[in-house]
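Data first, discussion second: the structure below is written as structure tokens.
Nothing in this text is a laboratory measurement; each read-out follows from the coordinates by a stated rule. From a predicted model like this one, the values you see are computed outputs, not experimental measurements. So basically every Cβ, Gly included, is an ideal-geometry build from the backbone, and we count neighbours across all protein chains shown.
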């Protein structure tokens, strides 16, 4: 009589199933690729959309859907947004999961306890174990360039070679380095800042405005701008602008130097970058005055003070300045006051060929000395050193991975009656076919030597 035996399969609990899913998710290479793709998309968004500007630009246009979307997703501040930070944290967790998954195998490989091999060859020879050990050691040394570790027993001998075990450090170094770089980036996001300050020449400032929010904050030192130099191409386009600054602490000069584009000045971990400049006024104006006889005289005028022409009952006062928004070049607006006459307002431009008549004289605008305000970007990134450490570790890891190759070889010699059985097994992390062929050729060459 047959009995029906029902075997009940174990039912997986929800907790165990979720744990397995999370473990698989954070140890999957597919997860890594997906996160890297999403981060690349975010980087493109952060490059295309001007950062730190869209809140103001869209705020002035009214409460549109695009404006609300920008504010909700922080598209104007991508690299400090909650979702970009979350992606970095997930990537770090995923890389750590992959490393922990591989760690036991790496430790096993390092200790040499793994039994994996890339190939296995078997030969027989009538010579003794001692003679074969000698000729095989000499032949294989030409391939692996090192001596074997020998273990002898009765009628048997085992030869073991190991080369470039340091290769095994490449994988964990690369993964740990990436995690350190991500941690350094997160430190910079949470504890660093970027701001902007604009300072006139011969003035000082110790405050800056955050690029992300516009909040005013103070620096631990004072920036004094001693000079600003602007050089132009023959076409008139700006070629280089440089700020000569001094950094003061409680009125004492701590550092002096020049700030150029791509050449910042760093003090107390805070870097000052040359960002932009503005013409905020003029210090001197050059006017050419021609009388009724055609005689011309040139005057240098302080724009802040009224100027009286000698020999003429005329007073000139500068009222405005245009740095050059049209093809006529820089321009000034001035008021000409002649005795017993109503004041006359005139506009003169540097590129105008003909003078402008003002009472008994003709005036021409011949040049000016502008007053600049330099725009400096203020940056502080406490995670930069952490990123540097991670970058160095990353380079070392790639060197171990690309320029070394773990190779292990074992030759077992066992004497059985009238012949010796030779078992050759080897393992190579890279170039496995070439390694097998070179070892096989070396062993065959040794065995073919005269008996």
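See the values below:
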| item | result |
| --- | --- |
| In degrees, nearest ten, helix 384-403 long axis to first principal axis of the chain (Cα) | 40 |
| Euclidean distance between Cα centres, the range 167-200 to the range 238-279, Å | 24 |
| Angle in degrees between helix 432-447 and the longest Cα principal axis of the chain, rounded to the nearest 10 | 40 |
| Ranking of 380, 233, 372 by count of other Cβ atoms within 10 Å, fewest first | 233, 380, 372 |
| Cα centroid of the range 98-114 to Cα centroid of the range 345-407, whole Å | 51 |
| Pairs of Cα atoms farther than 19 Å apart, the range 181-315, % | 66 |
| Peptides ranked, highest mean first, by Cβ atoms within 10 Å: ranges 131-137, 209-215 | 131-137, 209-215 |
| For the chain, calculated [θ]222 nm from helices alone, where every DSSP H run of n ≥ 4 adds -39500 (n - 2.57) | -11000 deg cm²/dmol |
| Burial ranking of peptide ranges 382-388, 175-181 (average Cβ count within 10 Å, highest at the top) | 175-181, 382-388 |
| Sites residue 296 and residue 226 - FRET efficiency at Förster radius 45 Å, r taken between beta-carbons, to 0.05 | 0.80 |
| Kirkwood Rh, Cα atoms: Rg over Rh of the range 281-370 | 0.93 |
| For peptides 225-231, 192-198, sequence by mean Cβ density within 10 Å, most packed first | 192-198, 225-231 |
| Helix axis angle, 29-48 relative to the chain longest principal axis, alpha carbon, degrees | 10 |
